[in-house]
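Colleague: I'd like to ask some things about the structure below.
The values are calculated or read from the model by the stated rules, or taken from the named source; none is laboratory data. All values derive from a computational prediction rather than experimental measurement. Don't worry about glycine lacking a Cβ; one is built from the backbone with ideal geometry, like all the others, and counts go over all protein chains shown. The area values use the complete protein model at the heavy-atom level, side chains included, leaving out ligands, DNA and RNA. Shrake-Rupley method; radii C 1.70, N 1.55, O 1.52, S 1.80 Å.
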Amino acid sequence: MDMTGAKFHTSNRGTAAVPLVCVRAQGSHAFGIFYGQNPIFVSYDMVLADLILMIFLIQTVRFLLKPFRQPRLVAELIAGIIIGPCLLGKSKRFNEIMFPLYSRFVLRTLGIFALMLWVFVSGVKMDLTLIKRSGKKHLYIAMVSVMLPFLTVMAIGLIIRKLMDHEMAKISSIGGIASGLSVTTFPIHYTVLEELNLLSSEVGNMALSVALISDSIGMNFITVFEALKQVDISAGTLVWYLISMVVLVAFLLSAIRPALFWIIDHTPEGQAVHESYVVAILLGVFVVGFLTDMFGLAVAFGPFCLGLLIPNGPPLGATLVEKSETILKEIMMPFAFAFIGLHTDFSAMTEAGWTTLGPLFTMVISGYVSKFLATMIGAFMVAVPSRDSLTLSLVLSLRGQVELALYIHWVDKNMIRLPGFSMMIFLTTILLATLTPLISVIYDPSKPYKVLKRRTIQHTPPGEEVRILVCIRDKKSVPSLVNLLEVTYPTLQNPLSVYAFHLVELIGRANPVFIDHDNDPDPDDLSIRFPDSEAIRNALILYQENRDESVKLHFFTALAAKRTMFQDVCKLALNSKATIIILPLERQYDGEMGTAEQWGGGQTLNTEVLSHAPCSVGLLIDKAHRWHLPLTRCSGGTTSHDFIVLFLGGPDSRECLAYADHMVANPNVSLTLVRFLSSNPEGDDERQKKLDDGLVTWFWVKNEANERVIYREVVVKDGADTAAAIKAMAEEKFYHLWIVGRKQGINESLLEGLSTWTDNQEELGIIGDYVSSSDFVDADSVLVVQKQILRV
């Protein structure tokens, strides 16, 4: 039988696969193998077996491709191809056992169902306000990257029109294919950028903005040619098509959107949306999908529009994404890729031959090439650096799940046939597998943070303002941070410039957001969706007002994924010329040892900032949970707080001492400087020791007459002696703040044997982790400092 003209259905809007075949009706549930029944002949068991096989293949292929930096979508497409007629599906026995005709009907239905939900969730994540905030540069790149490929593919399609079959040769078909190849879909770019940790990078932000604008332009093209496709049937069909679309959109805007805001208004602050509302919205997805399919529109059109109407982020968008994304991505989408794989037949491409596939192949390749070149030209014309332009062009050339749904739609509309569909799947897989690793090789998001100029407290000249970037997770961390700023002792002679950075995890939306509150006081009702933000700002403003002109405050907010938060932190530190970044942590005890509560439940932010920061970094561990008011400046000069610096040598210890020197100017602070020396000086780095001697001598000479400063030297032979000395100091006197260097330049003999006593030394260093986790060191806080690491 000639299958080159086969579609995915057997009737005008049916849902079965290829030829008309009569089969015996199958039971939906088996009594069991002990009753002599074979479960593979029951549709329910068969679908479960198909799902298990697909999930297993997807996870296996992902594991095998991980070293090659391949995106998840490549593994999913390859898994689908494996079960299809290209590989396992060649076996008639395999098809009879695993994918009989009655199970394929269910797989197709569930696959389309999954794609519809996936498009809806993608719409929820998209933030259309980003278009309003995008600059002219983004708009120009988007216009060029859509218009040039569209015109190129249209022109080539018209030139080779005589070589096409009757259906593809129609203007509506050529225009539909051209518009599909020119559109840059937002969801695949978000997915790949997230996997490559580029969401918050310069190129990542630009790509998402351009993609969103391109989607807006391209979707209009697709809608126009969908309308022209109706003309192929009759003029009356076009009229009803347009009326249906207008009525649907008007209903969503006038009835559904107000209802969504009513749900948000009736959700208590800080709580998730009630489950009944979530169920109602998901039910609305199915209703809208049914209506769009009934009206003759693309089945995903309605759910996508509904997703766009839902306000992203908390509480509504975040709740919908959290409750649906995992089950959709891990359980439902494998049905879609199984359906795609079962209809991807490379042998059908060979049978169809170049005569049939040549015109489509020519249009597709011209679309890919023109898309890449147009984006690069547009980026060059608005002065985007060459490496960034190349990366942006590669990112915007990617194809993803939306395109897969579009290919299925093309088959159902007779624009292409099954051999053409197989070729589109093959080219999409090759494109993704080639471009994604190239992006990760070409673009290094940490490169902009590599600076050759010293940005440390030690190298800040006297009288010059100290710039501190304070990262804030929530309002609970504000008191300890304000206390640290206060003991830094800003004055008119030594002013302080504070860059307060509130970091919010990106949930329920795709594009990260960076807000400068000096220029954008309250964008997008931020204070309503994130109440902590307003409370944090008010607390810091109150602190600044009480410090006259000695403190300058700048407030920023970033909504970013956990894995890319460090990019926002490092970027702001670079642009603000920060001297030190302060990251607050909490210490929660579990028996004798404690575990640090990390940002977002993992160490990603802290470790990445320590690795890439363009300045010094301080980790402030709060041990006491004493949420008292900020320190006050006593006019009598009575010492009220005792600090201690553990100086073990090296750059980090010198940065600690430089910071402590600022604190000593505070009349309410007394400081004890303890320098640890090895009984065996053979392990000392002579150069580092000379630098240590010079700074310690300078500090002591400067503060020798200061009764609030005590200097001590302790000679130890190994880590056990060091730990014993620290314990003795803690028992001798209560110190509110312990200041220690992280790990650079310490004589190894001072730490010998201590590494087995600590669990979090990679982040805090051996001494930092030991002091912050030991139950015998009673303190309010511990400050672990890493001096700036110059990176070439």
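Colleague: Look at Ile222 and say whether it is open to solvent by 10 Å² or more (accessible area, probe 1.4 Å), out of contact with any strand residue (DSSP E or B) (no Cβ under 7 Å at 6 or more places or on another chain) and at pLDDT below 80.
Modeller: Yes; evaluated as a whole, the condition is true for this residue.
Colleague: Answer with yes or no whether Ile582 is in the same structural domain as Thr488 (by the TED database), among the β-branched types (Val, Ile, Thr), modelled with pLDDT of 80 or more and assigned to a helix (DSSP H, G or I).
Modeller: So Ile582 does not fit the description; no.
Colleague: Could you identify the single residue in Asp721, Asp778, Asp769 that is under 24 Å from Val478 (Cα atoms), acidic (Asp, Glu) and in a helix (DSSP H, G or I)?
Modeller: Within the list Asp721, Asp778, Asp769, the selection yields Asp769.
Colleague: Mind counting the residues in the range 557-571 that are open to solvent by less than 10 Å² (accessible area, probe 1.4 Å) and either of a type in the set (A, V, I, L, M) or assigned by the TED database to the domain that holds Leu208 (or both)?
Modeller: So the count comes out to 4.
Colleague: OK, next. Residue by residue through the range 80-102, note down the ones that are crowded, with 24+ Cβ neighbours inside 10 Å and either of a type in the set (Val, Ile, Thr) or part of a helix (DSSP H, G or I) (or both).
Modeller: Gly80, Ile81 - these are the residues of the range 80-102 that are crowded, with 24+ Cβ neighbours inside 10 Å and either of a type in the set (Val, Ile, Thr) or part of a helix (DSSP H, G or I) (or both).
This table checks each residue for (1) open to solvent by 10 Å² or more (accessible area, probe 1.4 Å); (2) farther than 11 Å from Pro359 by Cβ; (3) in contact (Cβ under 8 Å) with a residue 40 or more places away in the chain; (4) in a helix (DSSP H, G or I).
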| position | (1), (2), (3), (4) |
| --- | --- |
| Val144 | yes, yes, yes, yes |
| Leu148 | yes, yes, yes, yes |
| Leu151 | yes, yes, no, yes |
| Met154 | yes, yes, no, yes |
| Lys162 | yes, no, no, yes |
| Asp165 | yes, no, yes, no |
| Gly180 | no, yes, yes, yes |
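Colleague: Name the residues in the range 676-706 that are of a type in the set (A, V, I, L, M, F, W, C) and in a helix (DSSP H, G or I), would you?
Modeller: The answer is Leu691, Leu695, Val696, Trp698, Phe699, Trp700, Val701.
Colleague: Identify, please: which residue in the range 184-215 is outside any helix (DSSP H, G or I) and among the β-branched types (Val, Ile, Thr) and is, among those, modelled with the lowest pLDDT? Steps first, answer last, please.
Modeller: Here is the first cut: in the range 184-215, the ones outside any helix (DSSP H, G or I) are 184-185, 196-201.
Filter again for among the β-branched types (Val, Ile, Thr), leaving 184-185.
Values: Thr184: 75, Thr185: 78.
Per the stated criteria, the residue is Thr184.
Colleague: Moving on. Of the numbered conditions (1) open to solvent by less than 40 Å² (accessible area, probe 1.4 Å); (2) in contact with a Pro (Cβ under 9 Å, 6 or more places away or on another chain); (3) at pLDDT below 80, Pro448 fails exactly one; give the number of that condition.
Modeller: (1)
Colleague: Ser393 passes all but one of (1) more than 27 Å from Arg161 (Cβ to Cβ); (2) touching a residue at least 12 places away in the same chain (Cβ under 8 Å); (3) out of contact with any helix residue (DSSP H, G or I) (no Cβ under 7 Å at 6 or more places or on another chain); which number fails?
Modeller: Unmet condition: (3).
Colleague: Of the residues Gly768, Gly753, Gly745, which is at pLDDT 80 or above and either out of contact with any Asp or Glu (no Cβ under 7 Å at 6 or more places or on another chain) or open to solvent by 40 Å² or more (accessible area, probe 1.4 Å) (or both)?
Modeller: Gly768
Colleague: Taking the condition of being open to solvent by less than 20 Å² (accessible area, probe 1.4 Å) and farther than 17 Å from Thr460 by Cβ, how many residues in the range 679-704 meet it?
Modeller: Of the residues in that region, 3 qualify.
Colleague: Can you name every residue in the range 363-401 that is part of a loop (DSSP other than H, G, I, E, B), more than 16 Å from Ser440 (Cβ to Cβ) and not basic (Lys, Arg)?
Modeller: Selection gives Val382, Ala383, Val384, Pro385, Gly400.
Colleague: Please verify whether Tyr102 is within 30 Å of Ala379 (Cβ to Cβ) and aromatic (Phe, Trp, Tyr), treating the condition exactly as stated. Spell out the reasoning first.
Modeller: Values: within 30 Å of Ala379 (Cβ to Cβ): no; aromatic (Phe, Trp, Tyr): yes.
In short, no.
Colleague: Suppose we keep only residues that are open to solvent by less than 10 Å² (accessible area, probe 1.4 Å) and of a type in the set (A, V, I, L, M, F, W, C) within the range 659-670. Which one would you say is modelled with the highest pLDDT? Full working, then the answer.
Modeller: Here is the first cut: in the range 659-670, the residues open to solvent by less than 10 Å² (accessible area, probe 1.4 Å) are 659-660, 663-664, 666, 668-669.
From what is left, the residues that are of a type in the set (A, V, I, L, M, F, W, C) are 660, 663-664, 669.
Numbers: Ala660: 92, Met663: 89, Val664: 89, Val669: 88.
So, considering only residues that are open to solvent by less than 10 Å² (accessible area, probe 1.4 Å) and of a type in the set (A, V, I, L, M, F, W, C), the one modelled with the highest pLDDT is Ala660.
Colleague: Taking the criterion of being assigned to a loop (DSSP other than H, G, I, E, B), open to solvent by 40 Å² or more (accessible area, probe 1.4 Å), of a type in the set (Asp, Glu) and at pLDDT 85 or above, would at least one residue in the range 511-522 satisfy it? If you could, list the steps in order and put the result at the bottom.
Modeller: Of the range 511-522, the ones assigned to a loop (DSSP other than H, G, I, E, B) are 511-512, 517-522.
Narrowing further to those that are open to solvent by 40 Å² or more (accessible area, probe 1.4 Å): 518-522.
From the residues that got through so far, the ones that are of a type in the set (Asp, Glu) too are 518, 520, 522.
Next cut, at pLDDT 85 or above only: none.
Scanning the range 511-522, I find no residue that is assigned to a loop (DSSP other than H, G, I, E, B), open to solvent by 40 Å² or more (accessible area, probe 1.4 Å), of a type in the set (Asp, Glu) and at pLDDT 85 or above, so the answer is no.
Colleague: Please work out which one of (1) open to solvent by 20 Å² or more (accessible area, probe 1.4 Å); (2) touching a Ser or Thr at 6+ places or on another chain (Cβ under 7 Å); (3) of a type outside the set (A, V, I, L, M) is the condition Thr375 fails and give its number.
Modeller: The failed condition is (1).
Colleague: Mind telling me which of the residues Leu291, Leu320, Leu283 ends up being touching a residue at least 60 places away in the same chain (Cβ under 8 Å) and part of a helix (DSSP H, G or I)?
Modeller: After ruling out the rest, the residue left standing is Leu320.
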